[in-house]
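The structure appears right after this line, and notes come after that.
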Amino acid sequence: MRLGDRIRQIRDELGLTQGQLASGSSVSQGYLSQLENGEVKNPSAAVLLRVAQAMQIDPDELFEAAGYPTVRMLRQIYQDYESTVDADLLHYLGNLPRDRQRRLLLILRGMEQVLNGSPAIGNGSDWATPEPSPPLTVRTSPQAAALKGAGSHPELTRARR
């Protein structure tokens, strides 16, 4: 419904004349007539607020009819974007370092796979499903072999693939 039509409708329901509403809202009767006839394209928020107060209605009704965004309108638009995650959980996760958040995510995904009976997915490159480590081997360097009798210790190194 257009702004002017909405103002006229409410004014009629309240039994007010244009003059009474104009007087109560500190708007000239001529300007109010222009509002109701749709001749004012962009009325100020201050005028709409005064008219709404004079009619004792929620100003959002007139703001929305005039095309101004309101909190109510924005809530409807963004309601699909609201988080469905528990606020306490978000707060807890937000306070964790990024590496711990990622580990928890991996654990949760793994738990979900187990619960859903899905096969494990991934290439084994994450910490939850690590690739097998190469075996530890004991190598004796030539220097260590020469000093073996002098109480030296062999070096521990990882075998290369």
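The values are calculated or read from the model by the stated rules, or taken from the named source; none is laboratory data. Predicted, not measured: the structure shown is a model, and the values here were computed from it. Because the Cβ atoms are built from the backbone with ideal geometry, glycine has one as well, and the counts that use them run over all protein chains shown. Each accessible area value is taken on the protein alone, full model and side chains, heavy atoms only, with ligands, DNA and RNA left out. Shrake-Rupley method; radii C 1.70, N 1.55, O 1.52, S 1.80 Å.
Among ARG8, ARG103, what's the order by accessible area (1.4 angstrom probe), most exposed first?
Solvent-accessible surface, decreasing: ARG103, ARG8.
Tell me the net charge near LEU48. Cut-off is 12 Å between Cβ atoms, LEU48 excluded, with +1 for each Lys or Arg and -1 for each Asp or Glu.
Computed value for this residue: -2.
Counting Lys +1, Arg +1, Asp -1, Glu -1, what net charge surrounds TYR68 among other residues with beta carbon under 12 Å of its beta carbon?
Combined, the nearby Lys, Arg, Asp and Glu give -2.
Sort SER33, SER23, SER28 by heavy-atom solvent-accessible area, probe 1.4 angstrom, most to least.
Ranked list, largest accessible area first: SER23, SER28, SER33.
Of the heavy-atom accessible surface of region 7-93 (probe 1.4 angstrom), what whole percent is carbon and sulfur?
50
Quick check: the distance between the Cα centres of region 35-56 and region 1-22, to the nearest angstrom?
Rounded to whole Å, the Cα centres lie 10 Å apart.
Could you please report the charge total around ARG8, scoring K, R as +1 and D, E as -1 over all other residues with beta-carbon less than 14 angstrom from its beta-carbon?
Local net charge: -3.
At 0.36 nm per residue, minus the direct Cα-Cα distance, what do ALA45 and MET111 gain on full extension? Give it in nm, one decimal, please.
18.4 nm
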